[in-house]
1. Can you name every residue in segment 214-239 that is touching a strand residue (DSSP E or B) at 6+ places or on another chain (Cβ under 7 Å) and under 30 Å from residue 149 (Cβ atoms)?
2. I need the full set of residues from segment 64-91 which are in contact with a strand residue (DSSP E or B) (Cβ under 8 Å, 6 or more places away or on another chain), modelled with pLDDT of 90 or more and not in a helix (DSSP H, G or I), in order please.
3. Say we look at segment 145-183 and pick out the residues that are of a type in the set (D, E, K, R) and in a strand (DSSP E or B); which of these is least open to solvent (accessible area, probe 1.4 Å)?
4. Any idea how many residues of segment 100-109 are under 13 Å from residue 229 (Cβ atoms) and not aliphatic (A, V, I, L, M)?
5. Here's a check for you: in segment 128-144, which residue that is in contact with a helix residue (DSSP H, G or I) (Cβ under 7 Å, 6 or more places away or on another chain) and open to solvent by 30 Å² or more (accessible area, probe 1.4 Å) is modelled with the highest pLDDT?
6. Of (1) in contact with a Phe, Trp or Tyr (Cβ under 9 Å, 6 or more places away or on another chain); (2) touching a residue at least 60 places away in the same chain (Cβ under 8 Å); (3) within 17 Å of residue 145 (Cβ to Cβ); (4) of a type in the set (A, V, I, L, M), residue 205 satisfies all except one. Which?
7. Does residue 97 fit the bill of being aliphatic (A, V, I, L, M) and at pLDDT 95 or above?
8. Six or more apart or on different chains, Cβ under 7 Å: which pairs go from a residue in segment 38-61 that's in a strand (DSSP E or B) to one that's at pLDDT 65 or above and open to solvent by 50 Å² or more (accessible area, probe 1.4 Å)? Could you list them?
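The values are calculated or read from the model by the stated rules, or taken from the named source; none is laboratory data. In this text the structure is predicted, and so the values were computed from the model without any measurement. No Cβ is skipped: glycine too gets one built from the backbone with ideal geometry, and neighbour counts run over all protein chains shown. The protein model used for the area step is the full one, side chains on, heavy atoms only, and it has no ligands, DNA or RNA in it. Shrake-Rupley method; radii C 1.70, N 1.55, O 1.52, S 1.80 Å.
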Amino acid sequence: MTLSQPDGPGGRRVERAGPRVLVVTAVDAERDAMAAPFGATPPAPVPVAARTLYRVTADGFRVDLLAAGVGPAAAAAGTASALTAATLLGAGYDLVVSAGIGGGFQPEAPLGSLVVASGIVAADLGADTADGFVPTTELGFGTVEYRPGAALVARVAEATGARTGAVLTVSTVTGTAARAAALRARHPGALAEAMEGFGVAEAAVAAGCPVVELRAVSNAVGPRDRAQWRVGEALAALAAASGRLTSVYADPTARR
């Protein structure tokens, strides 16, 4: 297994060898955790929307890893840039994976556990009113949820041991019990909270590519207490899950 620079836009011929997967994280530490099972350290960066893209080639498939930045806007922009570049090179992706650490709703998603999103939800995209929060769909605009294929979600959960439930995308991380309770009331099936999944999904769906979100729980959703965070444990869980995802990448029926 090797990790190398992707083919650039300088006219080099790109050969398609098996499934191609794009893994999008927010920060380098998450990207490196997803790359860790392949036993390689990323080489010199290749620019993609002012970020870095690395490629793993292993066992008949390719995985490109991108740390796109924090928040849904950066995630959407980075994912869209990577998808467009790959398409222009004639080597589009078969699957997009939004991956990283996040907050877990307790006690359903304990620290160190994994969650795969049955729904990728923009939890704070809408309007505050005197009667409470109104999502953009009720205002007559767009969508606030993408639902990955049930077979894909089930396959990722089976491979990684992840719990299955909605993962909320927020632009502001929850730091109070009141906000956690409000989110739970609006989204009773939610297991986790993060900041990028919906942005990644927006770009993937626009490109007609299947998408799934996987989160390792580093902290509880609620009052902000950094002394209780378990970031190292969550990154280790994410790395272990990445190694198990190779069976999903290599199985064409799992990407539906």
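1. Keep residues of segment 214-239 that are touching a strand residue (DSSP E or B) at 6+ places or on another chain (Cβ under 7 Å), which gives 214-221, 228-231, 234-235, 237-238.
Result: 214, 215, 216, 217, 218, 219, 220, 221, 234, 235, 237, 238.
2. 64, 65, 66, 67, 68, 69
3. 145
4. 3
5. 143
6. Result: residue 205 passes all but (2).
7. Details: aliphatic (A, V, I, L, M): yes; at pLDDT 95 or above: yes.
Yes.
8. From segment 38-61, the pairs are 61/250.
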